[in-house]
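**Student:** What follows is a single structure, and I will ask about it in a moment.
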Amino acid sequence: MNRRSLLHALAAAPLIGSPSAGGYVHPRKVLLWECTRKEFREAIEEGGLRVVILPTGSTEQHNEHLAMIHDTASAVFLAQQAALRLYPQAMVATPVPVGISPHWMDRKGTLTLRKETFLAVVFEICESLKAHGVRAVLILNGHGGNEAPLKESLPEFRRRLGIRLEAHSYWEAYTPEIARKFLASGKIPAHAAEFETSFALAAFPERVHWEGVDYEKVKARLGIKDPRSAREDEEFAREARLASAAKGEGLIGIALEWLVARIQQIIAETFRS
Ligand SMILES: [Zn+2]
């Protein structure tokens, strides 16, 4: 899949909820990479665009049954849904689809960036947005390995950019009580287990591939060197079987409410008249 069709596939998400502005808004309108320069210019100059959401994710192994783009796709999915709710106040920037994943390199297919490379890409996208007049950016992260580096870099990024900048992993929306209420395993985010599989079943079931999966048969051939990591891999494969679309829908709804409220708060604090 080339980058263009990847981005197209990431955007082909069903619509949840309706934009606060009322009426129909085509899902493309909140995706920077699908807009024309005219549309973006008008949005920033007179259309009321306040916050740009920058999704960060990964391209990495998600056990035997989930697509490797899962983390990126889930962050884009939530960002797009939130932007539609807040239209025309929010837009989604082109996602960073490869993250910091050296810990999964012993599973085939994982792509990883060095921490400095990933952070430089994130920073320069924010810098580009600033150059076009964007005054607030919310980095919405969907991959655990990116979380600490993003949070650590925030003070320096803010200093160098001079714009309102926030970074959250979307699972910050979930308390331990919510995790226990919705999931038999009680684990969020874990990895390609009950939570992420439920999310995928609700948001993009075409990225869940159980066909031909027989973990027991293949596990000896996986070649995971660290015994703790191998045990966890097996545990997550087992827990993934507990997933359902209904669990995913409930949890997506909670993350969406949280994200919309967070963006509204950023708008209120940044654009006081
Ligand atoms: Zn993941």
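**Student:** Check which residues have an amide H placed less than 5 Å from Thr59's amide H, if you skip close sequence neighbours.
**Tutor:** Distant-sequence amide H within range of Thr59: Gly99, Leu111.
**Student:** Continuing with this model, one more query. Give the cross-link partners of Lys181 among the lysines, using a straight C-alpha distance below 16 Å as the criterion and excluding same-chain residues fewer than 8 apart.
**Tutor:** Answer for Lys181, where 16 Å is the Cα cut-off: Lys247, listed by chain and number.
**Student:** Once phi is turned into ³J(HN,Hα) by the Karplus curve 6.51 cos²θ - 1.76 cosθ + 1.60 with θ = phi - 60°, what whole-Hz value does each residue of region 235-240 show in order, with x for glycine and proline?
**Tutor:** Values per residue, Gly and Pro as x: 4, 5, 4, 5, 5, 4 Hz.
**Student:** Still on this structure: Long-range amide H contacts for Ile53: which residues qualify at under 5 Å (H placed 1.01 Å from N, peptide plane, sequence gap of 5 or more or a different chain)?
**Tutor:** Here Met91, Val92, Ala93, Leu138 satisfy the definition.
**Student:** What does the convex hull of the alpha-carbon atoms of region 141-207 project to on average, in nm²?
**Tutor:** That works out to 5.7 nm², a quarter of the Cα hull's surface.
**Student:** Pick out which of Ala246, Ala203, Ala73 has the largest mean-square fluctuation in a Gaussian network model of the chain, springs linking Cα atoms closer than 10 Å.
**Tutor:** Judging by the Gaussian network model, the answer is Ala246.
**Student:** Could you compute the longest span of the chain free of GluC sites (Glu not before Pro) located in DSSP loops and having at most 12 other Cβ atoms within 10 Å, not counting the site residues?
**Tutor:** Here the longest run is 47-210.
**Student:** Please report, in debye to the nearest 20, how large the charge dipole of region 106-265 is about its Cα centre when each Lys and Arg carries +1 at its beta carbon and each Asp and Glu carries -1 there.
**Tutor:** In debye, rounded to 20, region 106-265 gives about 340.
**Student:** Provide Rg and Dmax in Å for region 66-132, with only Cα atoms included in the calculation.
**Tutor:** 14.3, 43
**Student:** Rule-of-thumb check for region 166-273: C-alpha Rg over 2.2 N^0.38 Å?
**Tutor:** So the Cα radius of gyration is 1.32 times the expected 2.2 N^0.38 Å.
**Student:** Follow-up. Tell me which of Tyr24, Leu183, Ser58 sits at the most positive position along the dipole axis of the chain, charges placed on C-beta atoms (Lys, Arg +1; Asp, Glu -1).
**Tutor:** The one lying farthest along the dipole's positive direction is Tyr24.
**Student:** Now for a different question. Alpha carbons only, please: Rg and Dmax for the chain, in angstrom.
**Tutor:** 18.6, 63
**Student:** Find out how many positive minus negative residues lie around Ala43, taking Lys and Arg as positive, Asp and Glu as negative, among other residues whose Cβ is under 15 Å from that of Ala43.
**Tutor:** Counting the neighbours of Ala43, the net charge comes to +2.
**Student:** Also, I was wondering about something else. Return the inverse of the average 1/r over all pairs of distinct C-alpha atoms in region 70-197, which is the Kirkwood hydrodynamic radius, in Å to one decimal.
**Tutor:** One decimal place: 15.9 Å for the Kirkwood radius.
**Student:** Additional query: Out of the trypsin sites (Lys or Arg not before Pro) in region 84-182, which ones are loop residues according to DSSP with at most 12 other C-beta atoms within 10 Å?
**Tutor:** Filter output for region 84-182: Lys108, Arg114.
**Student:** OK, next. For region 209-273, which trypsin sites (Lys or Arg not before Pro) pass both filters: DSSP loop (anything but H, G, I, E, B) and at most 11 other C-beta atoms within 10 Å?
**Tutor:** Taking region 209-273 and a limit of 11 other Cβ atoms within 10 Å, the loop trypsin sites (Lys or Arg not before Pro) found are Lys225, Arg272.
**Student:** Here's a follow-up. Work out, step by step, the length gained on full extension between Glu269 and Ala245: first 0.36 nm times the residue separation, then minus their alpha carbon distance; give nm to one decimal.
**Tutor:** Working it through step by step, the gained length comes to 5.1 nm.
**Student:** Here's something else I'd like to know. Multiplying the sequence separation of Ala120 and Glu152 by 0.36 nm and subtracting their Cα-Cα distance, what value in nm do you get?
**Tutor:** Extra length from Ala120 to Glu152 when fully extended: 10.2 nm.
**Student:** Evaluate the charge dipole of the chain about its Cα centre and quote only its size in Debye, nearest 20, assuming +1 on the Cβ of each Lys and Arg and -1 on the Cβ of each Asp and Glu.
**Tutor:** It works out to roughly 520 debye.
Each value in this text was obtained by applying a stated rule to the coordinates, not by laboratory testing. Note that this is a predicted model, so its numbers are computed, not measured. When we count neighbours, we look across all protein chains shown, and the Cβ atoms used for this are built from the backbone with ideal geometry, even at glycine.
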